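Inspection log for the structure reproduced underneath, given as structure tokens.
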Amino acid sequence: MLRFAMAASAAILTLSTFPAHAADARLQAAVASADRGAENKARDGARNPAATLGFWGLKAKQTVIEISPGGGYWTEILAPYAKATSGTYVAGVTDVDNPRTSEAAKKGLETFKAKYADPAKYGVIKYTGFGVASKPLGAPNSADLVFTSRNIHNFTYTPGFLDKAMADFFAVLKPGGVLGVEEHRADPRPEVPGITDGYVSTATVVAAAQKAGFKLAASSEINANPKDTKDHPFGVWTLPPVKRSAPAGQPANPAFDRAKYDAIGESDRMTLRFVKPR
């Protein structure tokens, strides 16, 4: 832990060190686009999309793979950006080849594909399966940037999945390629056993990435939230945007007082940039 703390502190760089996208009109246009959902735009203050992508080194003509895009917060930005810059956006989605994948998950994937099927807005989005038993994300050494946002905790719930995921990311990236990670941050307190509250220690993420062969290049406080006390009754999901008011699987509690948690806003998050050595 001490060795990690020393290495990480040496790598922490301020946002002002990374102004690469300050003048990137095409990225700014994608973020400001009227085609984005209002609910996603409303979260930009907490998610800092242009600054985060700039920190990860997004550039024109890159092949970018997003892991587990969820409802498409990043898709709405990156697919148009790839179209405008002759790049390729790849969504790492539900692994339909896994016989254990539920019909609900398959239906959700079809809904996602239909939502982003307009090539005039989004270009041609490519898809690749990702999961506990999925095949490679793509040809070896073919991607410039792989990123995963607020997903690492999910990978820890199945034994071996985090290691498998990191190995998949490493294999598909070009030498010199970047793995970007944004994740709910447990620090400075220890992880809860089993990470049942969704908060992961930076040391856990770094150790898994290094085990796969990555080098930690930099850490940023772009997505930090010092108001997050990380002691919420329903874990990180108590906070926006989930706003859980009862244990998972139970009906929402209309009597739950949300004021304190809404005032905190979205979680405190680490933002890391790893590099595959050349």
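Only the coordinates and a few stated rules stand behind these numbers; no lab work does. Predicted model only: the values in this text are computed from it and were never measured. When we count neighbours, we look across all protein chains shown, and the Cβ atoms used for this are built from the backbone with ideal geometry, even at glycine.
Can you list residues from other chains, or at least 5 along the same chain, whose modelled amide H is less than 5 Å from the amide H of Thr63?
Sorted by chain and number, the residues that satisfy this are Thr88, Asp144, Leu145.
Report, in listed order, any pair from Lys59/Lys126; Lys59/Lys121; Lys174/Lys215; Lys126/Lys215 with a Cα-Cα distance greater than 25 Å.
On the way: Lys59/Lys126 18 Å; Lys59/Lys121 19 Å; Lys174/Lys215 14 Å; Lys126/Lys215 28 Å.
Cα-Cα > 25 Å for Lys126/Lys215; rest within.
So if we plug the beta-carbon distance of Ala25 and Asn141 into 1/(1 + (r/R0)^6) with R0 = 41 Å, what FRET efficiency do we get, rounded to 0.05?
FRET efficiency, Ala25 to Asn141: 0.85.
Can you give the extra length, in nm with one decimal, that the chain gains between Lys126 and Ala60 once fully stretched, where that is 0.36 nm per residue apart less the Cα-Cα distance?
So the chain would gain 22.1 nm between Lys126 and Ala60.
Can you spot the aspartates and glutamates whose alpha carbon is less than 20 Å from Lys243's alpha carbon? Ignore those fewer than 8 places along the same chain.
Within the straight-line cut-off, Lys243 pairs with Glu39, Asp44, Glu182, Glu183, Asp197, Asp228, Asp231, Asp257, Asp262, Glu266, Asp268.
Output the antiparallel fraction of DSSP beta bridges having both residues in the chain, as a percent to the nearest 5.
Close to 35 percent.
Taking only C-alpha pairs under 8 Å that are 6+ residues apart, what is the relative contact order of the chain in percent? Before the final figure, lay out each step's value.
Details: 464 pairs, mean separation 53.0, N = 278.
Answer for the chain is 19 percent.
To the nearest 20 Debye, how big is the dipole of segment 2-275 about its Cα centre, given +1 on the beta carbon of each Lys and Arg and -1 on that of each Asp and Glu?
The dipole of segment 2-275 has a size of about 360 debye.
Under the 0.36 nm per residue contour assumption, what length would be gained going from the current alpha-carbon distance of Ala117 and Lys174 to full extension?
Details: separation 57, 0.36 × 57 = 20.52 nm, distance 2.79 nm.
Gain on extension, Ala117 to Lys174, equals 17.7 nm.
Place the peptides 135-146, 197-208 in order of packing, highest mean first, counting for every residue the other Cβ atoms within 10 Å and averaging per peptide.
On the way: 135-146: 17.8, 197-208: 20.8.
Result, highest mean first: 197-208, 135-146.
Please give the FRET efficiency for Asp97 paired with Ala263, using the beta carbon to beta carbon distance and R0 = 51 Å, rounded to the nearest 0.05.
Result of the calculation: an efficiency of 0.70.
In deg cm²/dmol and to the nearest 500, what is the mean residue ellipticity at 222 nm of the chain if only DSSP H runs of at least 4 residues count, each as -39500 (n - 2.57), divided by the residue total?
On the way: 12 runs with 94 residues, N = 278.
One gets -9000 deg cm²/dmol as the mean residue ellipticity at 222 nm.
Starting from the Cα coordinates of segment 11-142, work out the convex hull volume and express it per residue in Å³.
135
In whole percent, what relative contact order does segment 141-278 give with Cα contacts below 8 Å and a gap of six or more residues?
Values: 239 pairs, mean separation 44.2, N = 138.
So the answer I get is 32 percent.
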